[in-house]
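Notes follow the structure.
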Amino acid sequence: MQNFLSRARATSRLHIMMISAKGGVGKSTLTVNLAAALQAKGLRVGIFDGDIHGPNIPALLGIAQKRGTAQGQGEPPHPELMMPIEARLDGMDARPIKPYERYGLMLMSLGLVVGEQQAITPEASTAGKMIAVMLHRMDWSDSEGNPADVVLVDMPPGTGEPLHTFIEQGMVDGAILVATREKLAHLDNGRLLRLLKHERVPVLGVVENMTHVICPRCGELIEMYPAPAAEEAVYAGVPVLGALPFHPDFLRETRPAAPLALRTPDTGEPESPARAPLFALADAAVTAMSSLKGGAVIRRKVDECEDCP
C-alpha cells in the first residue's frame, strides 16, 4: 500500500482528525462548517468521512443520496468500494479515487456509494480495512489538479475501530477534539486524550461546542452548561481553540443551503451572529496547524489572502 500512501500524502499537506469520545456533540456539523471557513480563508480543503456506520457528511453538504448515485455536483464516486473487502485489497493497483466536489470542498464518504436509508454493518476489523482502502486510494486534488492544503477527517466517536487503523496507516498529522462541557463528556474524552498521547498523535486543541445560545433579541450569551472546574477539565494543558454557540444557522447546511461560512449578505443571506466565533475558530485552527510539519505553507496562504474574512 506504500505507493497509495505516498500518493495520498502528495495530494494533501495535512490530515487532521476531528474526534470525540462521545456522539451527539455536533462533530460532523462542526467539521463541515470548519472546512468551509478554512476554504473561505483561501485554503483548498478536503473532508474524509471516516464514520463508517453513520456517514452523514454528504447530507450535511446537501447531497441527496440514492443507492449508487449522488444527486448533486460532481461525478458519481466508486461503487467498487462496496465489493467484498478481500477483492478490494487485492485490487490496490486500481485507479485512484478522485474526491466528489461540493461548494468547492473535496469530499469522500461511504455515504456517497450507499443509499441514505441503507444500513452499513461491517465488523470492526472490516471497518478499519474499508478506511484503509479509501485512504490509500485517495487523490486529494480538485478538478483543476490542485492539491488539498488540509483534509479534515470526521471520525466516529469512541476509541475503537476505525481509529486504530487510521493511526496505524500513518495518515494522522494531528487531532482536534470536539467536546461539550458535560461532566460525562469530559470523563470519556480523558480516555481518548490518553490514547492519543500514547500513540503520539499531536492534539492541536479542543473545540467546546454548543456552549451557549445567543438571545435573538438582545444578543446576550446564555450558557447551556457551566464551565467545568479546573480539576474536572480533562483537557488541561490542551489549548481551547474556540467555543461555539448552539445556533440554528449551523444546522441549515442541510440541503439546499450552503454551510454557514459560505452564506453572506453577498449571497442574499442575513449576517449571522454565529459567523464571528466560527471564523475565530478557523484562525485558531490555522495557527495550531502551522506548528506541524508542512503547516507553515497553510499559515502563509491564509496570510496572503487579501479578500478573505
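Taking other Cβ within 10 Å of each residue's Cβ, how do M289, M108, M224 sort, fewest first? Working shown, then result.
Numbers: M289 27, M108 30, M224 13.
Listing M289, M108, M224 from fewest to most nearby Cβ atoms yields M224, M289, M108.
Between E269 and V213, what is 0.36 nm times their sequence separation minus the Cα-Cα distance? Round to one decimal in nm.
Details: separation 56, 0.36 × 56 = 20.16 nm, distance 2.04 nm.
The E269-V213 span can extend by a further 18.1 nm.
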Packing-based exposure ordering (other Cβ within 10 Å, fewest first) of L260, L221
L221, L260
To make sure I understand, if each residue's beta carbon is the centre and we count other beta carbons within 10 Å, what order do K301, K27 fall in, fewest to most?
K301, K27
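FYI, it's all coordinate maths here, none of it is from the lab. Keep in mind the model is a prediction, meaning the values are calculated, not measured. Reconstructed Cβ throughout: ideal geometry from the backbone, glycine too, with neighbour counts over all protein chains shown.
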